[in-house]
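Peer 1: Structure below; questions to follow.
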Amino acid sequence: MFYAIFNTILLGLISAIHFYWLLGGRKGGDAALPTSADGKLALKPRIFETLVVALGLLFMALLHIDKVGLIELNLPAWIDNYALKIIAFIFLIRAIGEFRYVGFFKKIKSTRFARLDTRFYSPLCLLLSLNALITSLQA
């Protein structure tokens, strides 16, 4: 149950940060987006994309506490069986990265985002992946 609660809290906090940005907040945004070596943003998420990420993270948090029985979502059986494994895979892929700006195997390593990604974001994604997998295997 510890792994599910840990992931629920963490995913809930990350979701809240995305809702903060969605509502116009600026703090931390510059450290959360990858940039090229010359400082140009590698991606510029729009409002809809930020909303999808915020809601997705919130749903992931709810799936964890549903799995351990702290809430009852009454989801279809296939979601109960596979959702957390899919979440584990998503965060594993994020930790590995896309080999340029994001993940353990990125090429651009000198930017502020890259340093934060190496030190915090990618290890955190690996931890979220492992915790989701452990939670998915619990009865």
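Peer 1: Over what distance in Å are the Cα centres of segment 1-61 and segment 63-139 separated?
Peer 2: First find each Cα centre; the distance between them is then 13 Å.
Peer 1: A further question on this structure: Per DSSP H run of at least 4 residues, take -39500 (n - 2.57); add these up for the chain, divide by its residues and hand me the 222 nm value, nearest 500 deg cm²/dmol.
Peer 2: -20000 deg cm²/dmol
Peer 1: Using only the alpha-carbon atoms, how far is helix 47-67 inclined from the longest principal axis of the chain? Give it as 0 to 90 degrees, nearest 10.
Peer 2: Once rounded, one gets 30 degrees.
Peer 1: What Kirkwood hydrodynamic radius do you get for segment 1-97 when you take the inverse of the mean 1/r over all pairs of distinct Cα atoms, in Å?
Peer 2: For segment 1-97, inverting the mean 1/r across all distinct Cα pairs yields 14.9 Å.
Peer 1: While we're here: Leaving out ligands and nucleic acids, and using a 1.4 Å probe, what accessible area per residue does segment 1-117 come to in Å²?
Peer 2: In whole numbers, segment 1-117 has 63 Å² accessible per residue.
Peer 1: For segment 46-139, what D do you get in µm² per second when you plug the Kirkwood radius from alpha-carbon pairs into Stokes-Einstein at 25 °C and 0.890 mPa s?
Peer 2: Estimated via Stokes-Einstein, D reaches 171 µm²/s.
Peer 1: Could I ask something else about it? For the chain, with all protein chains present and a 1.4 Å probe, just round the carbon and sulfur fraction of the accessible area to a whole percent.
Peer 2: For the chain, the apolar C and S fraction of the accessible surface comes to 70 percent.
Peer 1: How long are the semi-axes of the ellipsoid equivalent to segment 60-108, from square roots of 5 times the Cα gyration tensor eigenvalues, in whole Å, largest first?
Peer 2: 31, 10, 6
The values are calculated or read from the model by the stated rules, or taken from the named source; none is laboratory data. Please read all numbers here as calculations on a predicted model, not as lab measurements. Heavy atoms of the whole protein, side chains included, go into the accessibility calculation; ligands, DNA and RNA do not. Shrake-Rupley method; radii C 1.70, N 1.55, O 1.52, S 1.80 Å.
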